[in-house]
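Read through the structure below, which is laid out as C-alpha coordinates, and then see the notes.
The values are calculated or read from the model by the stated rules, or taken from the named source; none is laboratory data. Remember, predicted model here, so these are calculated numbers, not experimental data. No Cβ is skipped: glycine too gets one built from the backbone with ideal geometry, and neighbour counts run over all protein chains shown.
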(Lines give C-alpha, C1' and ligand atoms only; values in the text may rest on other atoms or scores of the structure.)
Protein backbone atom coordinates (compact mmCIF):
# COMPACT_ATOMS: atom_id res chain seq x y z
CA UNK A 1 0.00 0.00 0.00
CA UNK A 2 1.02 3.60 -0.52
CA UNK A 3 0.21 6.41 1.92
CA UNK A 4 1.18 10.02 2.49
CA UNK A 5 3.54 10.72 5.36
CA UNK A 6 3.55 13.72 7.69
CA UNK A 7 6.59 13.39 10.00
CA UNK A 8 6.10 16.66 11.89
CA UNK A 9 8.87 18.69 13.48
CA UNK A 10 9.96 16.47 16.35
CA UNK A 11 10.54 13.44 14.11
CA UNK A 12 13.27 15.48 12.45
CA UNK A 13 14.83 16.32 15.81
CA UNK A 14 14.40 14.83 19.25
CA UNK A 15 12.26 11.95 17.92
CA UNK A 16 14.46 10.98 14.97
CA UNK A 17 14.53 7.35 16.12
CA UNK A 18 10.74 7.32 15.79
CA UNK A 19 10.99 8.62 12.22
CA UNK A 20 13.66 6.07 11.31
CA UNK A 21 11.86 3.15 12.93
CA UNK A 22 8.47 4.04 11.37
CA UNK A 23 10.17 4.14 7.97
CA UNK A 24 12.04 0.86 8.52
CA UNK A 25 8.92 -1.01 9.67
CA UNK A 26 6.78 0.49 6.90
CA UNK A 27 9.32 -0.60 4.28
CA UNK A 28 9.37 -4.12 5.71
CA UNK A 29 5.57 -4.26 5.59
CA UNK A 30 5.39 -3.00 2.02
CA UNK A 31 3.97 0.40 2.93
CA UNK A 32 5.35 3.10 0.67
CA UNK A 33 5.52 6.56 2.28
CA UNK A 34 5.22 9.79 0.29
CA UNK A 35 5.95 12.90 2.33
CA UNK A 36 3.29 15.64 2.32
CA UNK A 37 4.60 18.39 0.09
CA UNK A 38 6.29 21.34 1.79
CA UNK A 39 4.56 20.66 5.10
CA UNK A 40 4.65 23.06 8.03
CA UNK A 41 4.21 22.68 11.80
CA UNK A 42 0.76 21.71 13.12
CA UNK A 43 0.96 24.39 15.84
CA UNK A 44 0.80 21.81 18.64
CA UNK A 45 -0.38 22.88 22.11
CA UNK A 46 1.02 26.39 21.81
CA UNK A 47 -1.36 27.33 18.99
CA UNK A 48 -4.58 26.01 20.51
CA UNK A 49 -3.67 27.27 23.99
CA UNK A 50 -3.41 30.83 22.75
CA UNK A 51 -5.26 31.33 19.45
CA UNK A 52 -8.12 29.12 18.25
CA UNK A 53 -8.19 30.26 14.60
CA UNK A 54 -4.42 29.81 14.28
CA UNK A 55 -4.77 26.32 15.77
CA UNK A 56 -7.16 25.32 12.98
CA UNK A 57 -5.42 27.19 10.15
CA UNK A 58 -1.94 25.70 10.73
CA UNK A 59 -3.00 22.04 10.39
CA UNK A 60 -5.48 23.02 7.66
CA UNK A 61 -2.58 24.25 5.52
CA UNK A 62 -1.13 20.72 5.66
CA UNK A 63 -4.50 19.03 5.14
CA UNK A 64 -5.01 21.15 2.02
CA UNK A 65 -1.55 20.15 0.76
CA UNK A 66 -2.33 16.48 1.43
CA UNK A 67 -5.66 16.73 -0.37
CA UNK A 68 -3.86 17.57 -3.63
CA UNK A 69 -2.47 14.03 -3.76
CA UNK A 70 -4.33 10.96 -5.05
CA UNK A 71 -3.36 9.13 -1.86
CA UNK A 72 -6.16 9.46 0.65
CA UNK A 73 -4.46 8.11 3.79
CA UNK A 74 -1.99 10.32 5.67
CA UNK A 75 0.19 8.53 8.20
CA UNK A 76 0.88 10.83 11.17
CA UNK A 77 3.15 9.07 13.72
CA UNK A 78 3.33 11.96 16.22
CA UNK A 79 0.36 11.82 18.59
CA UNK A 80 0.36 15.62 18.98
CA UNK A 81 0.24 16.26 15.22
CA UNK A 82 -2.38 13.50 14.87
CA UNK A 83 -4.56 15.21 17.48
CA UNK A 84 -4.25 18.66 15.91
CA UNK A 85 -5.05 17.31 12.43
CA UNK A 86 -8.09 15.40 13.65
CA UNK A 87 -9.27 18.42 15.68
CA UNK A 88 -8.93 20.74 12.70
CA UNK A 89 -10.91 18.34 10.52
CA UNK A 90 -13.55 18.06 13.23
CA UNK A 91 -13.97 21.83 13.63
CA UNK A 92 -13.99 22.45 9.86
CA UNK A 93 -16.58 19.72 9.39
CA UNK A 94 -18.89 21.05 12.11
CA UNK A 95 -18.65 24.82 11.67
CA UNK A 96 -19.41 26.16 8.19
CA UNK A 97 -18.57 29.77 9.10
CA UNK A 98 -15.18 28.71 10.47
CA UNK A 99 -14.50 26.68 7.32
CA UNK A 100 -15.18 29.73 5.14
CA UNK A 101 -12.95 31.86 7.37
CA UNK A 102 -10.06 29.36 7.32
CA UNK A 103 -10.31 28.77 3.56
CA UNK A 104 -10.12 32.53 3.03
CA UNK A 105 -7.01 32.70 5.23
CA UNK A 106 -5.35 29.85 3.31
CA UNK A 107 -6.58 30.93 -0.10
CA UNK A 108 -7.55 27.33 -0.85
CA UNK A 109 -10.27 24.81 -0.08
CA UNK A 110 -10.04 22.20 2.65
CA UNK A 111 -12.56 19.47 1.86
CA UNK A 112 -11.76 16.93 4.55
CA UNK A 113 -11.13 14.22 1.96
CA UNK A 114 -7.99 12.73 3.53
CA UNK A 115 -7.95 10.20 6.31
CA UNK A 116 -5.55 11.10 9.14
CA UNK A 117 -4.12 7.90 10.57
CA UNK A 118 -1.68 6.83 13.23
CA UNK A 119 0.73 4.00 12.28
CA UNK A 120 -0.69 1.79 15.10
CA UNK A 121 -4.03 1.94 13.32
CA UNK A 122 -2.53 1.26 9.86
CA UNK A 123 -0.36 -1.62 11.09
CA UNK A 124 -3.17 -3.29 13.06
CA UNK A 125 -6.07 -2.73 10.67
CA UNK A 126 -4.63 -2.53 7.15
CA UNK A 127 -1.69 -4.89 7.53
CA UNK A 128 -3.23 -7.04 10.28
CA UNK A 129 -1.90 -8.71 13.39
CA UNK A 130 -1.56 -12.12 11.67
CA UNK A 131 0.68 -10.70 8.96
CA UNK A 132 2.70 -8.80 11.56
CA UNK A 133 3.14 -11.91 13.66
CA UNK A 134 4.25 -13.81 10.56
CA UNK A 135 7.11 -11.33 10.08
CA UNK A 136 8.56 -11.88 13.55
CA UNK A 137 12.00 -13.47 13.44
CA UNK A 138 12.96 -12.87 17.08
CA UNK A 139 10.16 -13.00 19.63
CA UNK A 140 10.43 -10.35 22.32
CA UNK A 141 10.47 -12.98 25.06
CA UNK A 142 11.17 -11.57 28.51
CA UNK A 143 10.19 -8.05 27.56
CA UNK A 144 7.39 -6.88 29.87
CA UNK A 145 6.10 -3.59 28.54
CA UNK A 146 3.15 -1.49 29.57
CA UNK A 147 1.44 0.30 26.66
CA UNK A 148 1.38 3.99 27.31
CA UNK A 149 -1.04 5.81 25.00
CA UNK A 150 -1.18 9.14 26.83
CA UNK A 151 -3.78 11.75 25.89
CA UNK A 152 -3.42 12.82 22.33
CA UNK A 153 -4.20 9.64 20.40
CA UNK A 154 -7.49 9.10 22.17
CA UNK A 155 -9.11 12.26 23.48
CA UNK A 156 -11.64 13.57 22.84
CA UNK A 157 -12.96 10.26 21.46
CA UNK A 158 -15.43 11.73 18.96
CA UNK A 159 -12.53 13.65 17.40
CA UNK A 160 -9.79 11.00 17.52
CA UNK A 161 -11.98 7.97 16.77
CA UNK A 162 -9.01 5.74 17.38
CA UNK A 163 -9.37 3.07 20.07
CA UNK A 164 -11.29 2.60 23.34
CA UNK A 165 -10.65 5.90 25.12
CA UNK A 166 -10.46 4.55 28.67
CA UNK A 167 -8.94 1.14 27.99
CA UNK A 168 -7.29 1.11 24.55
CA UNK A 169 -5.98 -2.27 23.42
CA UNK A 170 -4.48 -2.00 19.92
CA UNK A 171 -0.93 -1.38 21.11
CA UNK A 172 -1.17 -4.23 23.64
CA UNK A 173 -2.27 -6.60 20.89
CA UNK A 174 0.48 -5.41 18.56
CA UNK A 175 3.20 -5.89 21.20
CA UNK A 176 1.67 -9.23 22.15
CA UNK A 177 1.97 -10.33 18.51
CA UNK A 178 5.69 -9.51 18.76
CA UNK A 179 6.00 -11.98 21.64
CA UNK A 180 6.15 -9.45 24.47
CA UNK A 181 4.49 -10.15 27.82
CA UNK A 182 2.34 -7.00 27.92
CA UNK A 183 1.45 -6.05 31.50
CA UNK A 184 -2.03 -4.77 32.31
CA UNK A 185 -2.06 -1.42 34.17
CA UNK A 186 -4.44 1.41 34.92
CA UNK A 187 -2.37 4.32 33.63
CA UNK A 188 -2.54 3.74 29.86
CA UNK A 189 -4.30 7.01 29.17
CA UNK A 190 -3.08 9.18 32.04
CA UNK A 191 -1.42 12.48 31.18
CA UNK A 192 2.37 12.86 31.55
CA UNK A 193 2.14 16.67 31.66
CA UNK A 194 4.14 17.02 28.44
CA UNK A 195 3.02 20.54 27.58
CA UNK A 196 4.43 21.85 30.87
CA UNK A 197 7.72 19.93 30.75
CA UNK A 198 9.90 22.97 30.08
CA UNK A 199 7.91 25.69 31.84
CA UNK A 200 6.85 23.80 35.02
CA UNK A 201 9.30 20.92 35.31
CA UNK A 202 8.66 20.67 39.07
CA UNK A 203 5.05 19.56 38.53
CA UNK A 204 5.88 17.30 35.60
CA UNK A 205 8.51 15.27 37.49
CA UNK A 206 5.83 14.24 40.00
CA UNK A 207 3.42 13.21 37.23
CA UNK A 208 6.06 11.18 35.41
CA UNK A 209 7.35 9.52 38.59
CA UNK A 210 3.84 8.36 39.39
CA UNK A 211 3.43 6.83 35.93
CA UNK A 212 6.75 5.01 36.04
CA UNK A 213 6.24 3.80 39.62
CA UNK A 214 2.85 2.40 38.63
CA UNK A 215 4.43 0.68 35.60
CA UNK A 216 6.92 -0.96 37.95
CA UNK A 217 4.13 -2.00 40.27
CA UNK A 218 2.41 -3.65 37.28
CA UNK A 219 5.54 -5.76 36.80
CA UNK A 220 6.80 -3.92 33.71
CA UNK A 221 10.45 -3.67 32.73
CA UNK A 222 9.83 -0.99 30.09
CA UNK A 223 7.25 1.51 28.82
CA UNK A 224 6.11 1.71 25.19
CA UNK A 225 4.71 4.83 23.58
CA UNK A 226 3.62 6.25 20.22
CA UNK A 227 4.04 9.88 21.20
CA UNK A 228 7.23 11.96 20.97
CA UNK A 229 6.02 14.25 23.75
CA UNK A 230 5.41 11.31 26.13
CA UNK A 231 8.73 9.78 25.08
CA UNK A 232 10.78 12.90 25.74
CA UNK A 233 8.97 13.51 28.99
CA UNK A 234 8.91 10.01 30.51
CA UNK A 235 12.41 9.14 29.26
CA UNK A 236 14.00 12.34 30.55
CA UNK A 237 11.98 13.52 33.53
CA UNK A 238 11.63 10.36 35.63
CA UNK A 239 13.68 10.42 38.83
CA UNK A 240 16.76 8.21 38.92
CA UNK A 241 15.33 5.78 41.49
CA UNK A 242 12.23 4.88 39.44
CA UNK A 243 13.20 5.29 35.78
CA UNK A 244 12.58 2.57 33.21
CA UNK A 245 13.60 2.29 29.56
CA UNK A 246 11.01 3.82 27.20
CA UNK A 247 10.57 2.68 23.60
CA UNK A 248 8.68 3.87 20.55
CA UNK A 249 6.51 0.91 19.59
CA UNK A 250 8.05 0.88 16.11
CA UNK A 251 11.53 0.32 17.57
CA UNK A 252 10.28 -2.90 19.18
CA UNK A 253 8.43 -4.02 16.04
CA UNK A 254 11.66 -3.50 14.09
CA UNK A 255 13.60 -5.44 16.74
CA UNK A 256 11.16 -8.35 16.57
CA UNK A 257 11.30 -8.37 12.77
CA UNK A 258 15.10 -8.47 12.85
CA UNK A 259 15.42 -5.18 10.96
CA UNK A 260 18.54 -3.00 10.90
CA UNK A 261 18.51 0.02 13.19
CA UNK A 262 17.49 -0.73 16.79
CA UNK A 263 21.02 -0.68 18.24
CA UNK A 264 21.66 2.81 16.86
CA UNK A 265 18.21 4.11 17.84
CA UNK A 266 18.63 2.91 21.43
CA UNK A 267 21.78 5.03 21.75
CA UNK A 268 19.61 8.12 21.31
CA UNK A 269 17.51 7.39 24.39
CA UNK A 270 18.14 9.07 27.72
CA UNK A 271 17.57 5.89 29.76
CA UNK A 272 19.76 3.38 27.90
CA UNK A 273 17.60 0.35 27.03
CA UNK A 274 20.58 -1.67 25.76
CA UNK A 275 21.31 -3.52 29.05
CA UNK A 276 17.68 -4.71 29.24
CA UNK A 277 17.45 -5.75 25.59
CA UNK A 278 20.91 -7.35 25.48
CA UNK A 279 20.30 -9.08 28.82
CA UNK A 280 17.28 -10.77 27.27
CA UNK A 281 19.36 -11.82 24.28
CA UNK A 282 17.31 -9.69 21.90
CA UNK A 283 20.13 -7.56 20.52
CA UNK B 1 -28.42 49.50 33.34
CA UNK B 2 -26.47 47.19 35.59
CA UNK B 3 -23.78 49.84 35.76
CA UNK B 4 -26.29 52.23 37.29
CA UNK B 5 -27.44 49.55 39.70
CA UNK B 6 -23.93 48.78 40.77
CA UNK B 7 -23.11 52.42 41.25
CA UNK B 8 -26.21 53.14 43.28
CA UNK B 9 -26.37 50.02 45.40
CA UNK B 10 -22.89 48.55 45.21
CA UNK B 11 -24.48 45.34 43.97
CA UNK B 12 -21.88 42.52 43.94
CA UNK B 13 -21.10 40.23 42.06
CA UNK B 14 -22.53 42.12 39.10
CA UNK B 15 -19.63 44.56 39.44
CA UNK B 16 -16.99 42.76 37.41
CA UNK B 17 -19.22 41.91 34.46
CA UNK B 18 -20.99 45.19 34.25
CA UNK B 19 -17.87 47.30 34.51
CA UNK B 20 -15.87 45.37 31.93
CA UNK B 21 -18.62 44.82 29.39
CA UNK B 22 -20.40 48.13 29.44
CA UNK B 23 -23.30 48.84 27.15
CA UNK B 24 -24.04 45.57 25.35
CA UNK B 25 -24.90 43.72 28.56
CA UNK B 26 -22.92 40.68 27.47
CA UNK B 27 -21.88 38.78 30.55
CA UNK B 28 -18.57 37.02 31.08
CA UNK B 29 -20.52 33.76 30.81
CA UNK B 30 -21.92 34.83 27.41
CA UNK B 31 -18.45 35.69 26.17
CA UNK B 32 -17.00 32.34 27.22
CA UNK B 33 -19.93 30.43 25.71
CA UNK B 34 -19.55 32.35 22.47
CA UNK B 35 -15.91 31.31 22.21
CA UNK B 36 -16.58 27.67 23.09
CA UNK B 37 -19.30 27.63 20.44
CA UNK B 38 -20.76 24.35 21.68
CA UNK B 39 -22.67 23.12 24.72
CA UNK B 40 -23.23 26.16 27.01
CA UNK B 41 -21.48 25.80 30.34
CA UNK B 42 -24.74 26.36 32.21
CA UNK B 43 -25.37 22.71 31.32
CA UNK B 44 -22.82 21.78 34.06
CA UNK B 45 -24.60 20.27 37.08
CA UNK B 46 -21.43 20.29 39.16
CA UNK B 47 -20.84 16.55 39.49
CA UNK B 48 -17.09 17.36 39.55
CA UNK B 49 -16.12 14.46 37.35
CA UNK B 50 -13.88 16.89 35.44
CA UNK B 51 -12.03 17.70 38.62
CA UNK B 52 -11.81 14.11 39.85
CA UNK B 53 -10.07 13.12 36.61
CA UNK B 54 -7.93 16.25 36.18
CA UNK B 55 -4.23 15.35 36.59
CA UNK B 56 -3.36 18.95 37.48
CA UNK B 57 -6.25 19.74 39.85
CA UNK B 58 -4.05 19.31 42.90
CA UNK B 59 -1.70 22.11 41.86
CA UNK B 60 -4.36 24.44 40.47
CA UNK B 61 -5.38 27.61 42.25
CA UNK B 62 -9.06 26.84 41.52
CA UNK B 63 -10.03 23.40 40.26
CA UNK B 64 -11.87 23.09 36.91
CA UNK B 65 -15.28 22.85 38.57
CA UNK B 66 -14.63 26.00 40.61
CA UNK B 67 -13.64 27.82 37.42
CA UNK B 68 -17.02 26.94 35.90
CA UNK B 69 -18.82 28.22 38.99
CA UNK B 70 -16.75 31.40 38.95
CA UNK B 71 -17.62 32.02 35.30
CA UNK B 72 -21.30 31.56 36.13
CA UNK B 73 -20.86 34.14 38.92
CA UNK B 74 -19.20 36.57 36.54
CA UNK B 75 -15.84 36.58 38.31
CA UNK B 76 -13.95 37.60 35.19
CA UNK B 77 -10.79 39.08 36.69
CA UNK B 78 -10.20 36.25 39.12
CA UNK B 79 -10.67 33.60 36.43
CA UNK B 80 -8.52 35.26 33.77
CA UNK B 81 -5.89 36.12 36.35
CA UNK B 82 -5.72 32.61 37.81
CA UNK B 83 -2.87 30.13 37.48
CA UNK B 84 -5.42 27.39 36.73
CA UNK B 85 -5.95 28.32 33.10
CA UNK B 86 -2.18 28.10 32.43
CA UNK B 87 -1.61 24.88 34.36
CA UNK B 88 -4.26 22.98 32.40
CA UNK B 89 -2.18 20.59 30.27
CA UNK B 90 -4.93 20.08 27.66
CA UNK B 91 -5.14 16.34 28.30
CA UNK B 92 -8.89 16.52 27.53
CA UNK B 93 -9.87 14.04 30.25
CA UNK B 94 -12.53 16.52 31.46
CA UNK B 95 -14.43 16.79 28.16
CA UNK B 96 -14.11 13.05 27.63
CA UNK B 97 -15.81 12.30 30.96
CA UNK B 98 -18.28 15.19 31.29
CA UNK B 99 -21.80 13.71 31.37
CA UNK B 100 -23.16 16.93 29.87
CA UNK B 101 -20.51 17.27 27.16
CA UNK B 102 -19.31 20.65 28.38
CA UNK B 103 -16.03 21.23 26.55
CA UNK B 104 -13.93 22.30 29.52
CA UNK B 105 -10.66 21.83 27.62
CA UNK B 106 -11.80 24.28 24.97
CA UNK B 107 -13.10 26.54 27.74
CA UNK B 108 -9.54 26.66 29.16
CA UNK B 109 -8.22 27.53 25.67
CA UNK B 110 -10.84 30.26 25.38
CA UNK B 111 -9.96 31.68 28.82
CA UNK B 112 -6.24 31.77 27.99
CA UNK B 113 -6.99 33.54 24.73
CA UNK B 114 -9.23 36.04 26.57
CA UNK B 115 -6.50 36.66 29.16
CA UNK B 116 -4.03 37.46 26.39
CA UNK B 117 -6.39 39.59 24.29
CA UNK B 118 -7.68 41.60 27.26
CA UNK B 119 -4.15 42.36 28.43
CA UNK B 120 -4.45 40.45 31.72
CA UNK B 121 -1.50 38.32 30.59
CA UNK B 122 -0.51 35.02 32.15
CA UNK B 123 -0.26 34.31 35.85
CA UNK B 124 2.12 31.46 34.92
CA UNK B 125 4.45 33.64 32.90
CA UNK B 126 6.82 30.90 31.75
CA UNK B 127 3.99 28.85 30.28
CA UNK B 128 3.09 31.76 28.02
CA UNK B 129 6.77 32.47 27.29
CA UNK B 130 7.06 28.88 26.08
CA UNK B 131 4.03 29.22 23.78
CA UNK B 132 5.36 32.52 22.42
CA UNK B 133 8.79 31.05 21.72
CA UNK B 134 7.19 28.02 20.06
CA UNK B 135 4.92 30.08 17.79
CA UNK B 136 7.67 32.58 16.91
CA UNK B 137 9.77 29.64 15.76
CA UNK B 138 6.98 28.38 13.48
CA UNK B 139 6.47 31.87 12.10
CA UNK B 140 10.11 32.21 11.24
CA UNK B 141 10.84 28.72 9.80
CA UNK B 142 7.48 27.06 9.19
CA UNK B 143 8.72 24.16 11.31
CA UNK B 144 10.06 23.90 14.84
CA UNK B 145 13.79 23.79 15.36
CA UNK B 146 13.84 22.51 18.93
CA UNK B 147 17.27 23.99 19.70
CA UNK B 148 16.48 27.51 18.58
CA UNK B 149 13.00 27.40 20.11
CA UNK B 150 14.44 26.36 23.49
CA UNK B 151 17.14 29.06 23.35
CA UNK B 152 14.47 31.65 22.59
CA UNK B 153 12.35 30.40 25.53
CA UNK B 154 15.34 30.56 27.86
CA UNK B 155 16.04 34.15 26.86
CA UNK B 156 12.38 35.13 27.36
CA UNK B 157 12.01 33.35 30.71
CA UNK B 158 15.46 34.14 32.09
CA UNK B 159 15.67 30.49 33.15
CA UNK B 160 19.01 29.99 31.44
CA UNK B 161 20.61 27.05 33.17
CA UNK B 162 18.02 24.37 33.96
CA UNK B 163 18.34 21.30 31.74
CA UNK B 164 21.71 22.50 30.42
CA UNK B 165 23.38 19.12 31.02
CA UNK B 166 20.48 17.28 29.41
CA UNK B 167 20.56 19.66 26.45
CA UNK B 168 24.26 19.09 25.98
CA UNK B 169 23.82 15.32 26.13
CA UNK B 170 21.06 15.49 23.50
CA UNK B 171 23.20 17.75 21.35
CA UNK B 172 26.08 15.26 21.50
CA UNK B 173 23.69 12.48 20.41
CA UNK B 174 22.68 14.57 17.40
CA UNK B 175 19.12 15.02 18.63
CA UNK B 176 19.34 18.78 18.84
CA UNK B 177 20.34 20.32 15.52
CA UNK B 178 21.20 23.97 15.05
CA UNK B 179 19.88 23.90 11.52
CA UNK B 180 16.92 21.85 10.31
CA UNK B 181 14.76 21.81 7.15
CA UNK B 182 12.33 24.71 6.81
CA UNK B 183 9.04 25.14 4.97
CA UNK B 184 9.90 26.50 1.52
CA UNK B 185 6.73 28.53 1.04
CA UNK B 186 7.28 30.40 4.29
CA UNK B 187 5.11 33.31 3.13
CA UNK B 188 2.02 31.10 3.26
CA UNK B 189 2.80 30.26 6.90
CA UNK B 190 3.45 33.90 7.85
CA UNK B 191 0.22 34.84 6.07
CA UNK B 192 -1.66 32.50 8.44
CA UNK B 193 -0.10 34.20 11.47
CA UNK B 194 -0.89 37.67 10.13
CA UNK B 195 -4.49 36.87 9.22
CA UNK B 196 -5.31 35.10 12.49
CA UNK B 197 -3.66 37.72 14.68
CA UNK B 198 -5.93 38.82 17.51
CA UNK B 199 -6.71 42.53 17.52
Does residue A:61 qualify as being surrounded by fewer than 24 Cβ atoms within 10 Å (Cβ to Cβ), over 25 Å from residue A:231 (Cα atoms) and touching a helix residue (DSSP H, G or I) at 6+ places or on another chain (Cβ under 7 Å)? no
Of all residues in the stretch B:136-177, which are in a loop (DSSP other than H, G, I, E, B), within 8 Å of chain A (Cβ to nearest Cβ) and touching a helix residue (DSSP H, G or I) at 6+ places or on another chain (Cβ under 6 Å)? B:142, B:144, B:176
Flagged in the stretch A:89-112 as within 21 Å of residue A:163 (Cβ to Cβ) and within 12 Å of another protein chain (Cβ to nearest Cβ), in numbering order, are A:90
Of the residues in the stretch A:203-243, those that are part of a helix (DSSP H, G or I), surrounded by fewer than 19 Cβ atoms within 10 Å (Cβ to Cβ) and in contact with a helix residue (DSSP H, G or I) (Cβ under 9 Å, 6 or more places away or on another chain) number 4
Among the residues of the stretch A:244-268, count how many are out of contact with any helix residue (DSSP H, G or I) (no Cβ under 6 Å at 6 or more places or on another chain) and assigned to a loop (DSSP other than H, G, I, E, B). 3
With the requirement that a residue be farther than 22 Å from residue A:267 by Cα and at the interface with chain B (Cβ under 8 Å from one of its Cβ atoms), what does the stretch A:8-38 give you? A:38
Check on residue A:41, modelled with pLDDT of 95 or more and within 9 Å of chain B (Cβ to nearest Cβ): yes
Residue tally, condition free of Cβ contacts under 8 Å to residues at least 12 places away in the same chain and either more than 9 Å from chain A (Cβ to nearest Cβ) or touching a strand residue (DSSP E or B) at 6+ places or on another chain (Cβ under 7 Å) (or both), over the stretch B:85-132: 2
Filter the stretch A:174-198 down to residues that are assigned to a helix (DSSP H, G or I) and touching a strand residue (DSSP E or B) at 6+ places or on another chain (Cβ under 9 Å) and give me whichever is surrounded by the fewest Cβ atoms within 10 Å (Cβ to Cβ). A:175
Look through A:78, A:41 and report the one residue that is closer than 29 Å to residue A:135 by Cβ and crowded, with 24+ Cβ neighbours inside 10 Å. A:78
Assess whether residue A:68 counts as being surrounded by fewer than 17 Cβ atoms within 10 Å (Cβ to Cβ), touching a residue at least 24 places away in the same chain (Cβ under 8 Å) and more than 14 Å from every other protein chain (Cβ to nearest Cβ). no
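Test of understanding: among B:155, B:73, B:135, which residue is touching a residue at least 40 places away in the same chain (Cβ under 8 Å) and surrounded by fewer than 21 Cβ atoms within 10 Å (Cβ to Cβ)? Give the derivation first.
Details: B:155 fails: touching a residue at least 40 places away in the same chain (Cβ under 8 Å); B:135 fails: surrounded by fewer than 21 Cβ atoms within 10 Å (Cβ to Cβ).
Being touching a residue at least 40 places away in the same chain (Cβ under 8 Å) and surrounded by fewer than 21 Cβ atoms within 10 Å (Cβ to Cβ) holds for just one of B:155, B:73, B:135, which is B:73.
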